[in-house]
Amino acid sequence: MSDNRPIGVFDSGIGGITVLKALRAHLPHENLVYLGDMARLPYGTKSADTVTAYSLQTTKHLLTHDVKMIVIACNTASSVALAPLQAALAPLPVIGVIEPGAEAAVAATKSNHIAVIATEATVRVGAYVRAIHARNPDAHVVQEPCGLFVTLAEEGWVSGDVVEATARRYLTPLFKRKAAPDTLVLACTHFPVLAKTIRKVVGRGVRLVDSAETTARAVEAALDIQGLCTKRRGRGTVKFLTTDSVDRFSRVGGIFFGEVIRPKDVELVDLQFS
C-alpha cells in the first residue's frame, strides 16, 4: 500500500519544529504540513480545557490539507488533548510526544532514576510520571518545570552565559541528589535546541532523551504498520503555516529546523475562519 498524503504536525509555536526536523530526517520522502499557533502561545501556562479547544481547532485546519496522520508536536497538548483528539478524529491516527518519550526513558535508564524537565502544565498533570510508571512501576521520577527554557529558545538564545546560568539554576538541584537521575527527558519540544548547554551542565554520564527523535521513530513505525507510507522516492515537501508573526516564525524557526525558512514560504492562517 502507498499513501502520498501529507503528515500534519502542530505545536503552540516554534518548538515543535524540532519534531518536524526529526520527521524530515527519518522520513525524507514524506510530505509534511506544520502549523504553529503563534497567536496563542504558550500552551504551557493555560488550562487543560483551553489547550484541548486550541488543539481541536488546529487539527481541524490541518484536515483541510487532507493529512493522513496528526502528530502533536507539543508536550503540553499531548498531555491533555491526545485522548480527545484520538476520539474526535478516529480512524485518523494521532500520535503525541509523551508515550514515545516515556518508553525511551525506561529503556535508557540503568538506575531507575529518571528526571523530567518540561513546561509547568506538563509537570502539573504528571503525564510523564504516569507514562513511565505504566512501563516501569519501580522507576523513581523527579520533575522540574523549566519555563524560561521555552522563552530562551523562542528568542533564539540556545547557548551562552545566560542560557548556561539558567540551566544550572534549574538542573543542579536535580542532579545533586543522593540518588541522582541517570536519565533526563527533554519533555518539551523546545528543549532539544538547548541540548548542548544542558549536556554541559548535567555531564556526559546522564542519558538525554529527546522527545523529538523518539516521536519521529514512533511515527515511522505507525506509518509502516498501518500501510500509510509513501512510495515516492523524491524529497518530500514541507509546508509551513502560522497563526501570527510570520517574520518571527521564519527567523527563529530556521534555528530549530536547521534550514533557512523564508517568510514568503510561510502561510498566515486564521483558525477562526478555517
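Quick note: the coordinates plus some simple rules give every number you see, no bench work behind them. Quick caveat: nothing in here was measured; it's all calculated off a predicted structure. Methodologically, a virtual Cβ is constructed for each residue, glycine included, from the backbone with ideal geometry; neighbour enumeration extends over all protein chains shown.
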Margin query: Using the Cα centre of region 98-211 as the reference point, and only Cβ charges (+1 on K/R, -1 on D/E), how large is the resulting charge dipole? Debye, rounded to the nearest 20.
Written below: 500 debye
Next item on the list: Quick one: grab Rg to one decimal and Dmax as a whole number for region 98-211, Cα atoms only, in Å.
Entry: 13.0, 38
Next item on the list: Report the FRET efficiency, 1/(1 + (r/R0)^6), for T237 and R204, where r is their Cβ-Cβ distance and R0 is 30 Å, rounded to 0.05.
Entry: 0.20
Notebook entry, point to check: Between R217 and T64, what FRET efficiency comes out of the Förster formula 1/(1 + (r/R0)^6) with R0 = 35 Å and r the beta carbon distance, rounded to 0.05?
Noted result: 0.80
Check: Which one, (i) 1.05; (ii) 1.08; (iii) 0.95, gives Rg/Rh (Cα atoms, Kirkwood Rh) as derived from the coordinates shown?
Finding: (iii)
Notebook entry, point to check: Which angle between 0 and 90 degrees, to the nearest 10, do you get for helix 48-63 versus the longest principal axis of the chain when only C-alpha atoms count?
Noted result: 40 degrees
Item checked: Contour minus Cα-Cα distance for E259 and Q226 (0.36 nm per residue) -> 8.8 nm
Check: Dipole of the chain (Lys/Arg Cβ +1, Asp/Glu Cβ -1, origin at the Cα centre): which of L27, V252, V238 lies farthest to the positive side?
Finding: L27
